[in-house]
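The numbers here are math on the coordinates, done by the rules we state, and not lab data. This structure is a prediction, so every number in the text was calculated from the model and none was measured. FYI the Cβ positions are ideal-geometry reconstructions off the backbone, even for glycines, and counts take in every protein chain you see.
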Amino acid sequence: MIMSDKEDILKERFQRWTGLIVQADTVVRVEEYERDGKIQRATAILLNDCAPGMYDFLLKNYYNDFREELAGALDNIYNRFDKLNFLAFYLAEVAKAGALFVKESPDKTHHLNFQFIPHNTAVTDQNPEFDENYFKDVYAIMQYSLRKMTVYLKTLQQNILAVSQQDITPPVSELRDEQPSNIEQPFAFFDRFFSRGGLTALRQKFVDESWAEGDLFDEKNDCRHAQIIMNGKDGSDGGDMEIGWQRVPFADRLREVLMEELNRSSQLVCSHLDRLKTNDEVELRLKLFLSSLGYYRELVRAYPLYRTYEICSTVIASLKGLILGKYNAFIPKEPLNDPGGRNRKEIQKKSVEESRESGQSTLSFEISGEKPLILIAKLYVLLTTEGFIPKDTDPTRFENAFNGSLIHEPLNIKWIAKSRNGQVNKKALLYLLSHMAEKKLVLENTTNAVFVKQVRMIFCDASGQSLENLDISNAMMNKFSEANKRDIETIIKRVQTDLS
């Protein structure tokens, strides 16, 4: 779990936000002052010591402060169950706060903790005529902030459910020292780095070192500011030291680590292959190595954190280029002109066409945008909530349906939406996917045949049977009702909208 001091800061920020919601203490203050020789009185009605007009401003600030701290806290929890349990505490607190609001009539809401606190009892007119309905606008602001927090926390929950434990677990010990790459496992480091949270662990180590050495870490610019002596004097001769700051970006440290491991792994791959006795053994081992690199590339494409640092993609492409450059004779079908990943779409297109012709596999749909995993999680939540797919649909299987990965066997995600005749509503599914492509949420397919193949490999009906006659259903989309289209379009708009 996270460090106790950070957890205390997080809870303090959460309590500042909830403190303005769970209490409803009303204070009427009457202040006397003299003007033009006459005693004047000013009445102020406060809720939780706050003027009603300030509520929206304060709740927004406290909400944003909590979100900022929560993001860092979750990054420091490396067990999937612990992450979910951590969020469950705050969701429960938000639910308890929401239960304090009771709708007594269409125009009146009662707060269970509402109470009036007299002030300046010596003043006879300190009780102006007002009731709880005076705060109805403030109550609306409170309830909106509660809904906003609930959606944000539940979205985080779904994002965590959408990834496996191996994707968020960092190395137990120092990243560079645990199971280093060796001749038997030339990619041991990269396997840990890309598939077991190594980037998160390395960045956290960089941050911890910054504070331990007395430097300042700039979260916004992702760098540390290290103290340096500018004039070369250490003060031992009585002279004054001139202290300055040197900017050290994390990206530079990351590049240094990955380039060192790139050189090590490329040498180990060569040593590993050179000791094999037959060409068949070399070819088989090469396929395994290139398959691993392809898997790492898919992880980089799937998770925003990896895409933040270009070196993550570069090191994979460079390692692949080095291997192909030396051993291309053993894999004649592998393209040589893709050292930087520039021809990825062409290669994918070729793979899809070959898969279609072979009838054995295909690429799944690929969510586009800067945060594909979050979009996939939102789509999962909406489709399960609205009854298009079962609520117990495996989140990992659903992610594979939309991350552009190669599918060798049907995913069998059940499409349970029904038409008026009680049959599976294939038109709804096809309209959803085609409209997502139209809105640039997924990459468009090369041909209709590929599109149909993808749908059939990913989805099935409620009983687990393959969806048939998809080409006919797709051709009859002009008969899909406008009401049903609006339902699908609403879901897509909600996916595109920042739910927080």
Original post:
Among Tyr33, Tyr306, Tyr380, what is the fewest-to-most ranking by other Cβ atoms within 10 Å?
Top reply: Tyr33, Tyr306, Tyr380
Subject >> Cβ-defined net charge surrounding Leu146, 11 Å radius [Lys, Arg +1; Asp, Glu -1] >> reply: +2
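How high is the FRET efficiency between Ala251 and Glu489 when r is their beta carbon distance and R₀ equals 45 Å, given to the nearest 0.05?
Details: r = 40 Å, r/R0 = 0.89.
It comes to 0.65.
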Original post:
So, in nm, how far is label Thr385 from label Leu276 when the simple model puts each one 7 Å beyond its Cα toward the Cβ?
Top reply: 5.0 nm
Original post:
Which of the residue pairs Lys83/Lys154; Lys378/Lys418; Lys60/Lys148; Lys287/Lys453 have a Cα-Cα distance greater than 19 Å in the structure shown?
Top reply: Lys378/Lys418; Lys287/Lys453
**OP:** Using R₀ = 30 Å, calculate the FRET efficiency as 1/(1 + (r/R₀)^6) where r is the Cβ-Cβ separation of Val27 and Lys60; round to 0.05.
**Re:** 0.85
Original post:
How many nm separate the modelled label positions at Asn182 and Gln40, each set 7 Å beyond the Cα in the direction of the Cβ?
Top reply: 8.5 nm
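Could you calculate the contour length gain from Glu12 to Gln496, that is, 0.36 nm times the residue separation minus the distance between their Cα atoms, to one decimal place in nm? Spell out each step's value before the answer.
Values: separation 484, 0.36 × 484 = 174.24 nm, distance 3.23 nm.
Once the chain is fully extended between Glu12 and Gln496, it gains 171.0 nm.
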Original post:
Cβ under 12 Å from Arg285's Cβ, Arg285 left aside: what net charge do those residues give with Lys, Arg +1 and Asp, Glu -1?
Top reply: -2
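Please order Ile407, Ile316 by the number of other Cβ within 10 Å, starting at the fewest. Before the final figure, lay out the partial values.
Values: Ile407 18, Ile316 24.
Sorted ascending by nearby Cβ count, the order is Ile407, Ile316.
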Original post:
Calculated FRET efficiency, Leu284 and Asn263, Cβ-Cβ r, R0 25 Å, to nearest 0.05?
Top reply: 0.50
